[in-house]
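Here is the structure we will look at.
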Amino acid sequence: MDGRRLGKAGLAVLLLAGYYGFVRHTGIGIPCLFRYIFHLQCPGCGITHMLLFLGRGDFQEAFHSHPVIFVFLPFLGWVIIKSVWNYLFTKKTVWKKWEYAGMLLFLTVLLLFGVIRNFR
């Protein structure tokens, strides 16, 4: 395993944890540029709130903040953990057909959700 890869992964985890703690304690997060320009919610709007509610154990509010990500979270967690593991130890990421199909389904549902929630 390459020490630089492990260092990059560690830095990414540290930055994400720091951002989570900052947002949780200050309520100040990164604003959505898409929402600012177009006055519409992007497909990712609500993810930060969902993660904050998950951190508090409030699963109902987490679901209402972003139902698509909430439902796909176990699959996304698997794909992220597998990809990071492969990046650190094998230097390549190989997905199986079901993982590609799952990612295609996820992205399709996410885009449809992004359109539908702005026009209902």
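State all residues of the range 1-29 that are open to solvent by 80 Å² or more (accessible area, probe 1.4 Å), in contact with a Leu (Cβ under 8 Å, 6 or more places away or on another chain), part of a helix (DSSP H, G or I) and closer than 20 Å to I80 by Cβ; if no residue qualifies, say none. Within the range 1-29, L6 is the sole residue that qualifies.
So that you can scan it fast, the table gives a plain yes or no per residue for (1) touching a residue at least 12 places away in the same chain (Cβ under 8 Å); (2) closer than 20 Å to L110 by Cβ:
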| residue | (1), (2) |
| --- | --- |
| A9 | yes, no |
| R24 | yes, no |
| G27 | no, no |
| L33 | no, yes |
| C42 | yes, yes |
| G46 | yes, yes |
| M50 | yes, yes |
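In summary, K91 fulfils each of the numbered conditions (1) over 17 Å from the mean Cα position of the chain (by Cα); (2) of a type in the set (D, E, K, R); (3) over 26 Å from A9 (Cβ atoms) with the single exception of condition (3). Within the range 12-44, the set of residues being among the hydrophobic types (A, V, I, L, M, F, W, C) and at pLDDT 90 or above comprises L33, F34, I37, F38, L40, C42.
The values are calculated or read from the model by the stated rules, or taken from the named source; none is laboratory data. On a predicted model such as this, the values are computed, not experimentally measured, just so you know. So basically every Cβ, Gly included, is an ideal-geometry build from the backbone, and we count neighbours across all protein chains shown. When the accessible area is computed, the model is the full protein with side chains, heavy atoms only, and any ligands, DNA or RNA have been set aside. Shrake-Rupley method; radii C 1.70, N 1.55, O 1.52, S 1.80 Å.
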